[in-house]
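Chemist: I have a structure here, written as structure tokens, and I will follow up with some questions on it.
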Amino acid sequence: MRQLLVNTFPLARLILRRDRVQIPLWLLSLLLFTVAVAAAFPELYPAGPERQIIAQTFTNPALISMLGPAYGIHNYHLGAIMAHQMLLFTMVVVAIMNILLAIKHTRRDEERGRIEVIRSLPVGRLANAAATMLVLACTNAVLGLLVSIGLGLLGLEGMDWTGSFFFGGALAVTGLFFAASTLFFAQLTETSRTAMAYSFGFLGLSFLLRAVGDISSETLSLLSPLGLVLRAQVYVENHFWPLGTALLAASLLTLLAFRLNTRRDLEAGLFPAKQGPSRASRFLGGPLGLVLRLERTTIIGWAVGMLVLGASYGSVFADVEDFVQSSELYQQVLPDIAGASILGQFVAMLLSLLPMLAAVPALLVILKLRAEEKAGRTEHLLARAVTRVQVMGSFLGTALATAVVMQLVGVLGLWAAASAVVADPFPLGHTLLSSLAYVPAVWILVGLAALCVGTAPKAAALVWFYLGYTFFADYFGSLLQLPAWMARLTPWGHMPNVPLEAVSPWTVLATLVLAVVLMTLGLVGYSKRDIYG
Amino acid sequence: MAVLRVNNVTKRFGHVTALAGINLEVNQGEVYGFIGPNGAGKTTTIRILLGILQATSGSAQIFGLDAWRDAVEIHKRIAYVPGDVSLWPNLTGGEVIDFFVKLRGANHKSRRDELIERFDLDPTKKCGTYSKGNRQKVALVAAFAADADLYILDEPTSGLDPLMELVFQECVQEVKAQGKSVFLSSHILSEVEKLCDRVSIIRQGQIIESGSLKELRHLTRTRVRVETAQPLPSLKELPGIHDLEEFPSGAAFQVDGDKLGDVIGYLSQFQILALESAPPTLEELFMHHYKGAE
């Protein structure tokens, strides 16, 4: 064992040196975000009977499926609000941070041949994996501690020190668990892309398992790491066992990953690479064929994901309906709102969530053009009889079509599952059509990415930050009562609340024109600039 | 007739001048060597020729067309092998070759299969599992399967084994025999010496020497070893003599190309018994030029 870990610490220092900007930036943004939101709560939710009414609305299954189980309802203090509204979301962000960092230092370094150089030195076989886990464990611990202290120092009503440490602890444990699971997936696959896909797929599955479980089955939620950690009931009960169990599971997963790591060959996955066809199929005959071939796994994988997501939310329709019919509060306080329109609101909320998720694979496709350039593969096309417009156009066309497919598949999944549990949940044709109103908005993001790739390729990754912002502004816009201009800065902020509101053709036209202008500028820029790599 | 003409091309990346006014001219049916140390600007030149980079000033023309503006028209008639061949890891070598051939709009199945056999490549393997040499073979097969008028090859053999290097040299000679032109950037001087009609040497973004190998040799020194019947007086004072070694029976030295006649004339007074003279190898030429300006 000792032999396997020789020189782990110098490698850990190397990782810290390489991420000396990235890790502090993650920690600082997470800390500032959590503390700033908590600090805004006293004003948003003044004590009094209104708060109890708000508490009742959070028992709505539709909201539970998004935010996690409601607890501490009888005495809904700021701590309970904080945990209920913020913990799950922050946990997901921490999980994303861990997945990205873990892949970067394991499978990606291996794929790039960097680990080979390291392994030729007197370094243990497990040293790199161990160093990565060590750095991530420390990062998560520091994050947990910072957030705990930050929240504790605020000293708000219901947010005592114990609860604050549980809040920070929940984040740290979640981060560690997803670091461990990513390390595990990195042993199975040969490429960092596939490892990334497995890791994010696992995160998505955890979220959906919890969404369905929180409403209909406690066991299902306990199977999801996110659901498990939420059972700590931070700020209300402060149970330790969920955090302990998750920590234990993370440790076991790490050991399993280590074991796989020592048994496999360097740069190999668990499954050997298969042989392939010796001739190209007829489809692989031009740049478009190439893009479809390269991106087919991404597109199919996401489409399945969108279908499952839609279906998961569709499956809770019956609970939402029951809730509306049985809730005295809804009957008393909101007598005008019939059950159907609560469901309608639920559908509208889900419909507004779909384009943000549909934007991810669309952006992956268009930003692949930049990745290809960096890898030095664009020149294979450009050195042959292919114009730059053809090259970028193929990526753009695929990205645009991807956005449409994802949106439709998501709605179909929702409808299919919903109609299985409720009779006639919503009109499919009308909803499909009105959900398409969001597509030009997704295309604006694609156009923005195209503009970056065409004119400022180094800035292309910033589009992800913008997508993150649009998610933040939309998802938290109403929860945190953010100013209206923040939503106006996103393409979704200008969309009608479909299918409840009618779609104005002018809105569609305006977004469409903007998207086309951005893409055209991108194409022109791409045709004019030097290609690097 | 010139198929490739580079006229006073300069390329700047920000404040860095990668190419400072270079000139090149490749004639039809000619194999042209382009040699220079790492970072001299070889690949930058080739990328400008391919219209992947735009020259800051000057003009680069292939077949009389502008390398940047008419890139696609030009590319229908050229074949290119990059120095660092990066391929799609999840596609097989066979798929990539077919794809490249199709992109040019041509279909040369028989030639493709013949070349795959000659280069001893397994086309069913995924590119991610290929070694550097095998990735290079994929690019070479795709290039030579194409019926091009000009082949632009950027250090195409840096990963090949000696046997495959021979196959490569055969391929170059075959296309040359068909009257095609080849622009070959290389580090392997024996290869350039064997294949090329003319050569340009680039250093720090400038062409420091151009011409046929014969012409270039004239510019440099010849190595001479001589034995004479009568003892030689010291040759130290003679103009154009370098690296002189004197033995009791003769001497060995290098002599500047333009002084060779004078020196031999002088030596003949002492009854030459044996005379060896060797033209400088390309390697010596190369070293001479690289060290020259340090």
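Chemist: Charges at C-beta only: +1 for Lys and Arg, -1 for Asp and Glu. How large is the resulting dipole of the protein assembly as shown about its Cα centre, in Debye rounded to 20?
Modeler: Values: 66 positive and 66 negative charges, 101 e Å.
Approximately 480 debye in magnitude.
Chemist: Compute the distance in nm between two label points, each set 7 Å from the Cα along the Cα-to-Cβ direction, one at A:Gln275 and one at B:Glu114.
Modeler: Output for this residue pair reads 2.5 nm.
Chemist: How large is ³J(HN,Hα), in whole Hz, for each residue of the stretch B:128-142 in order, when computed from phi with the Karplus curve 6.51 cos²θ - 1.76 cosθ + 1.60 and θ = phi - 60°, using x for Gly and Pro?
Modeler: These are the phi-based 3J(HN,Hα) values: x, 9, 6, 7, 4, x, 5, 5, 5, 4, 4, 5, 5, 4, 4 Hz.
Chemist: Let me ask something else. Once neighbouring chains are kept in place and the probe is 1.4 Å, which whole percent of the accessible area of the stretch B:220-292 is contributed by carbon and sulfur?
Modeler: Working: 2180 of 4300 Å².
Its accessible area is 51 percent carbon and sulfur atoms.
Chemist: Something else: Can you list the residues, at least 5 places off or on another chain, whose amide H is less than 5 Å from the amide H of B:Phe13, using H built in the peptide plane?
Modeler: B:Ala18
Chemist: Sticking with this one: List the lysines whose Cα sits under 24 Å from the Cα of B:Lys259, skipping any in the same chain fewer than 8 residues away.
Modeler: B:Lys214, B:Lys236, B:Lys291
Chemist: Hey, can you rank A:452-461, B:263-272, A:92-101 by average C-beta count inside 10 Å, highest first?
Modeler: Values: A:452-461: 18.0, B:263-272: 14.2, A:92-101: 21.7.
Listed from highest to lowest mean packing, they are A:92-101, A:452-461, B:263-272.
Chemist: On to the next question. Just the accessible area per residue of the protein assembly as shown, please: how many Å² with a 1.4 Å probe? Write out the running numbers ahead of the final one.
Modeler: Values: 35600 Å² over 827 residues.
Counting only protein heavy atoms, the per-residue value for the protein assembly as shown is 43 Å².
Chemist: Picking from B:Asp66, B:Asp256, B:Asp147, which is most flexible by a Gaussian network model of chain B using Cα springs under 10 Å?
Modeler: It is B:Asp256.
Chemist: Skipping prolines and chain starts, which residues have an amide H placed within reach, meaning under 5 Å, of the one on B:Leu4, given they are 5 or more residues away or on another chain?
Modeler: Excluding prolines and chain starts, which carry no amide H, the hits are B:Val26, B:Phe63.
Chemist: So how much accessible surface do A and B hide from each other in total, probe 1.4 Å, in square angstrom to the nearest 100? Don't skip to the answer; put the middle values down first.
Modeler: Working: alone 24430 and 14610 Å², together 35600 Å².
Summed over both sides, the interface buries about 3400 Å².
Chemist: Something else: Taking the simple approach of a point 7 Å from Cα along Cα-to-Cβ for both B:Ile272 and A:Arg296, what is their distance in nm?
Modeler: 7.2
Chemist: Under a cut-off of 16 Å between alpha-carbon atoms, report the lysines in cross-link reach of B:Lys42, not counting same-chain residues fewer than 8 places apart.
Modeler: Straight-line reach from B:Lys42, under 16 Å: B:Lys11.
Chemist: Okay, next question. Using the Karplus curve 6.51 cos²θ - 1.76 cosθ + 1.60 with θ = phi - 60°, work out ³J(HN,Hα) for each residue of the stretch A:88-105 in order, rounded to whole Hz, and write x for Gly and Pro.
Modeler: In residue order, the calculated couplings are 4, 4, 5, 4, 5, 4, 4, 4, 4, 4, 5, 5, 4, 5, 5, 5, 4, 8 Hz.
Chemist: Can you tell me how much longer the chain between A:Ala459 and A:Ala375 gets when fully stretched, taken as 0.36 nm per residue apart minus their C-alpha distance, in nm with one decimal?
Modeler: Answer, rounded to one decimal: 28.6 nm.
Chemist: Using a/c under 1.5 as the rounded threshold, could you call the stretch A:210-255 rounded, prolate or oblate? The axes a ≥ b ≥ c are square roots of the C-alpha gyration tensor eigenvalues, and prolate needs a/b larger than b/c, oblate otherwise. Please list the in-between numbers first.
Modeler: Details: a/c = 3.04, a/b = 1.26, b/c = 2.41.
Because a/c hits 1.5 or more and a/b fails to exceed b/c, the stretch A:210-255 counts as oblate.
Chemist: In the stretch A:346-385, what residues drop by 40 Å² or more of accessible area when the other protein chains are put back, versus the chain on its own? Use 1.4 Å, and skip ligands and nucleic acids.
Modeler: A:Arg377, A:Glu379, A:His380, A:Ala383, A:Arg384, A:Ala385
Chemist: With θ set to phi - 60°, apply the Karplus curve 6.51 cos²θ - 1.76 cosθ + 1.60 along the stretch B:248-253 and write out the HN-Hα couplings as whole Hz, x wherever there is a Gly or Pro.
Modeler: Residue by residue, the stretch B:248-253 yields x, 9, x, 7, 10, 6 Hz.
Chemist: Moving on to the next point. Name the residue farthest towards the positive end of the dipole of the stretch A:284-533 from the options A:Gln325, A:Ser434, A:Thr387, assuming +1 on Cβ of Lys and Arg, -1 on Cβ of Asp and Glu, about the Cα centre.
Modeler: Checking the options against the dipole of the stretch A:284-533, the answer is A:Thr387.
Chemist: Name the residue farthest towards the positive end of the dipole of the protein assembly as shown from the options A:Gly525, B:Leu153, B:Leu244, assuming +1 on Cβ of Lys and Arg, -1 on Cβ of Asp and Glu, about the Cα centre.
Modeler: B:Leu244
Chemist: Where does the charge balance sit around B:Asp149 when Lys and Arg score +1, Asp and Glu -1, over other residues with C-beta under 13 Å from its C-beta? List each step's numbers first, then the result.
Modeler: Working: positive: B:Lys76, B:Arg77, B:Arg104, B:Lys176, B:Lys180; negative: B:Glu30, B:Glu73, B:Asp147.
Result for the local shell: +2.
Chemist: At what distance in angstrom do the alpha carbon centres of the stretch B:188-250 and the stretch B:126-141 lie from each other?
Modeler: If we compute the Cα centre of each part, the gap is 39 Å.
Chemist: Another question about this same structure. Under 5 Å between amide hydrogens, which residues at least 5 positions from B:Tyr80 or on another chain qualify, with H placed 1.01 Å from N in the peptide plane?
Modeler: B:Ile152
Chemist: How many percent of the accessible area of the stretch A:284-533 is carbon or sulfur, using a 1.4 Å probe?
Modeler: The value for the stretch A:284-533 is 70 percent carbon and sulfur by accessible area.
Chemist: So how far, in whole Å, is the C-alpha centre of the stretch A:148-183 from the one of the stretch A:447-467?
Modeler: 34
Chemist: By the gyration tensor of its Cα atoms, with a ≥ b ≥ c the square roots of the eigenvalues, what is the shape of chain A: rounded for a/c under 1.5, prolate for a/b over b/c, or oblate?
Modeler: oblate
Chemist: B:Lys125: which lysines have alpha carbons under 21 Å from its alpha carbon, excluding same-chain residues fewer than 8 sequence positions away?
Modeler: A:Lys274, B:Lys102, B:Lys109, B:Lys137
Chemist: How many percent of the accessible area of the stretch A:1-270 is carbon or sulfur, using a 1.4 Å probe?
Modeler: Details: 7520 of 11270 Å².
Ligands and nucleic acids excluded, carbon and sulfur give 67 percent.
The values are calculated or read from the model by the stated rules, or taken from the named source; none is laboratory data. Not measured: the values here are computed from a predicted model. Methodologically, a virtual Cβ is constructed for each residue, glycine included, from the backbone with ideal geometry; neighbour enumeration extends over all protein chains shown. Note: accessible area is taken over every heavy atom of the protein model, side chains too, but ligands, DNA and RNA are not part of it. Shrake-Rupley method; radii C 1.70, N 1.55, O 1.52, S 1.80 Å.
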